[in-house]
Amino acid sequence: MMKHICRSIVICSIAIIYMTACTPSAQDDGLGHHHHDHSSHGGNDHGSEIVLSADQAKKFGVYSQMVKPRDFNNIIKVSGQIESAPSDQSIVSATAPGIVKFTHGMVEGKIVSNGTTIARISSKNIAGGDPNESARIAVEATKRELDRLTPLHDEGIVSTKEYYAAKQAYEEARSAYSGTPNGGIAKAATSGAITQLLVKEGEYVTTGQPIAVISGSTRLTLRADLPEKYYKQLPTITTANFKPAYGNDIIHLNEVNGKMVSVPTTATAQQTGYIPIHFSFDNNGEAIPGAFVEVYLIGNTKPNAIVLPNDAITEQQGKYYVYVKLDDECYEKRLVTIGSSNGDEIEILAGLSRKDEVVTKGAIIVKLAESSGAVPEGHSHNH
């Protein structure tokens with residue numbers, strides 16, 4: 001029924017179609033839409049006209065701006081990972097052979113302080129005995145011998161050479177004994193985050209075997225894995241933005257003292273088909289070593305590009321749309337072709353021109369008004 005009414009209105013008013021405004025009645029609540037002949041806007045079949053009162057737009061934070069072409073950068077979106085700077089890492093090693101038992105809560109990502117106990121190594125019931133227990137027995141035996149010879153040496157009964165030999169044996173036995181029954185304790189030598197656990201709970205380790213890696217959190221490295229098909233664009237890449245998998249905030253390297261530190265010319269053996277690019281940056285407290293990220297590699301500047309905030313774009317069934325403001329209370333859904341994104345903004349390749357005023361904030365509100373399907377009583381589009 002409504003479509004027939006609209007068609008009649010359009011036919012009757014075609015003579016003044018370009019001179020009239022789209023204005024809701026006093027009863028309009030600002031949440032309705034109306035389908036019509038889009039010849040009133042240049043003959044383009046863009047979509048439905050949506051009515052949203054100025055008061056409602058202001059209340060819900062709907063803002064628009066004129067399209068102004070400007071410089072943008074070529075963007076290559078790739079995957080990557082946050083790594084610790086090699087100079088900011090320390091290794092926690094086993095202090096005795098035995099079975100590893102990590103302290104409660106010791107998982108990758110855990111922040112620890114210098115001296116924190118990372119794990120205990122138990123040699124109890126291990127075949128071959130407990131070396132630490134043997135060291136304890138040796139300490140006691142050499143101590144008894146030293147205690148026996150000391151008064152004899154003082155009386156001149158035992159030679160100085162024999163006395164110092166007993167004293168050396170005692171010192172060596174004492175240095176080999178950790179003081180911990182049935183094993184040893186592995187502690188953090190620096191403060192930072194545990195980025196790797198190199199052994200599993202309950203695994204047997206030998207003395208000196210690395211069991212964990214601790215990375216400081218002041219300076220980090222971003223590794224971006226560039227597919228080889230973009231090899232020719234390597235010289236154009238200058239910086240990057242990235243978004244961690246655990247959040248939605250974009251981190252801009254140019255805001256955290258970021259700089260490119262290495263650009264290999266060939267793919268690595270570890271990741272055939274990819275060229276790793278490394279950036280160093282200051283940790284602002286939002287980056288976690290070891291986390292996987294989406295990386296937006298930033299290349300050459302592209303002039304006169306139409307660029308919108310990501311929030312201006314809506315998606316439906318694989319197609320992308322924006323909302324163009326026609327007047328104070330009418331909007332139009334516009335199909336667009338999108339280009340690359342730097343994480344915050346996205347390039348529009350087709351569908352918009354300089355004369356268009358586009359909703360840049362609150363597009364979801366306009367979309368809700370479109371999908372409500374309700375035209376207020378008494379409302380009409382006089383074209």
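The values are calculated or read from the model by the stated rules, or taken from the named source; none is laboratory data. What you see is a predicted model, and the numbers here were worked out from it, not measured in a lab. Only protein heavy atoms, including side chains, enter the accessible area calculation; ligands, DNA and RNA are left aside. Shrake-Rupley method; radii C 1.70, N 1.55, O 1.52, S 1.80 Å.
Using the Karplus curve 6.51 cos²θ - 1.76 cosθ + 1.60 with θ = phi - 60°, what ³J(HN,Hα) values do you get for each residue of region 156-167, in whole Hz, with x for Gly and Pro?
Going residue by residue, I get x, 6, 10, 5, 5, 4, 5, 5, 5, 5, 5, 5 Hz, with x marking Gly and Pro.
Give me a comma-separated list of calculated 3J(HN,Hα) values for region 315-321, in order, Karplus coefficients 6.51, -1.76, 1.60 applied at θ = phi - 60°, integers in Hz, x for any Gly or Pro.
10, 8, 6, x, 10, 10, 9
Ignoring everything but the protein chains, give the 1.4 Å probe accessible area of TYR274 in square angstrom, nearest 10.
Its accessible surface works out to 90 Å², give or take rounding.
With all protein chains present, calculate the accessible area of LEU197 using a 1.4 Å probe and round the result to the nearest 10 Å².
Estimated to the nearest 10 Å², LEU197 gives 50 Å².
Under the rule of at least 5 residues apart or a separate chain, name every residue whose amide H is placed under 5 Å from the amide H of ILE275.
The list, which skips near neighbours in sequence, is LEU226, GLU228.
Counting only residues 5 or more places away or on other chains, whose amide H sits under 5 Å from the amide H of GLU83 once H atoms are built in the peptide plane?
The list, which skips near neighbours in sequence, is THR221, LEU222, ARG223, GLY290.
Heavy atoms of the protein only, probe of 1.4 Å, neighbouring chains included. What is the accessible area of ARG144 in Å², nearest 10?
So the heavy atoms of ARG144 present about 150 Å² to solvent.
Starting at the first residue of region 196-213, write each ³J(HN,Hα) from the Karplus equation 6.51 cos²θ - 1.76 cosθ + 1.60 with θ = phi - 60°, in whole Hz, x for Gly and Pro.
Coupling constants for region 196-213: 8, 9, 7, 9, 9, 4, x, 7, 7, 10, 9, 4, x, 6, x, 10, 7, 10 Hz.
Under a 1.4 angstrom probe, counting protein chains only, how are ILE348, ILE288 ranked by accessible area, largest first?
Sorted by accessible area, descending: ILE288, ILE348.
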